[in-house]
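Just so it is clear, none of the values below were taken in a lab; they were calculated from the coordinates. Just so it is clear, the structure is predicted and the values come from calculations on it, not from any experiment. Glycine gets a Cβ as well: all are built from the backbone with ideal geometry, and neighbour counts include every protein chain shown.
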Amino acid sequence: MTSQKKRPRNELTKLIPDYVAPMELQTISSTAPKPLKSTLPPPTWMTSKQKDFKTGKMTTPKLNTAGPGWFHMRPSASTAELQADLHLIRNRNYLDPKHFYKSSDKFGTFLQRGTVIEGASEFYSSRLTKKQRKETLLQEVLADTETAGWAQQKYKKMQQEKTAMAEKRRFKKRKGRK
């Protein structure tokens, strides 16, 4: 028994012989709760060290995470779907003329997407139905009739301005001829 590792006591270790509990509770003598202590070693990407080429000293490389305040969040993979959603967020001022959004020039590399789950206290008119919910933000905006109507109006206006400028240019070219 001394050669084997000491496993944390858990009900599952009695039932499943190879089961190792990931966390164990410390014995509590006071009334204050103590945090869970992990029995697993820290991940290798947090503890790896490298030898500096010039100085020859062992250094810990700078982690590519958001830091301990953000639970070591890793950078998200840049997909076409995510880029489209970010582009939409960046240009949201043009979607609704009545709302003002503070502009943000760049987005960080550390970001996560989630789904907002409305509580029971939310009124029905402020909730989305299952049919209205879409997988991405872009699909949701395209499905919205008010936003689509506004975008069509803006597009028609831009096309009219473009054709008016083309007529003006063509008229100037004619005027220059003799």
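For the residue pair LYS102 and THR55, what label-to-label distance in nm results when each label sits 7 Å from Cα along the Cα-to-beta-carbon direction?
So the label points at LYS102 and THR55 sit 3.8 nm apart.
Which residue, chosen from THR147, LEU111, THR129, occupies the Cα position most advanced towards the positive end of the dipole of the range 80-176, where the dipole is computed from +1 (Lys, Arg) and -1 (Asp, Glu) charges on Cβ about the Cα centre?
Towards the positive end, the residue furthest out is THR147.
List residues of the range 66-110, by number, whose backbone nitrogen lies under 14 Å from a label position 7 Å along Cα→C-beta of GLN153.
Backbone N within reach: 94-99.
Based only on other Cβ atoms within 10 Å, what is the fewest-to-most ordering of ILE16, ILE117, ILE89?
ILE117, ILE16, ILE89
Suppose every Lys and Arg Cβ carries +1 and every Asp and Glu Cβ carries -1, with no other charges. What dipole size does the range 80-176 come out with about its Cα centre, to the nearest 20 debye?
Its charge dipole is roughly 1120 debye.
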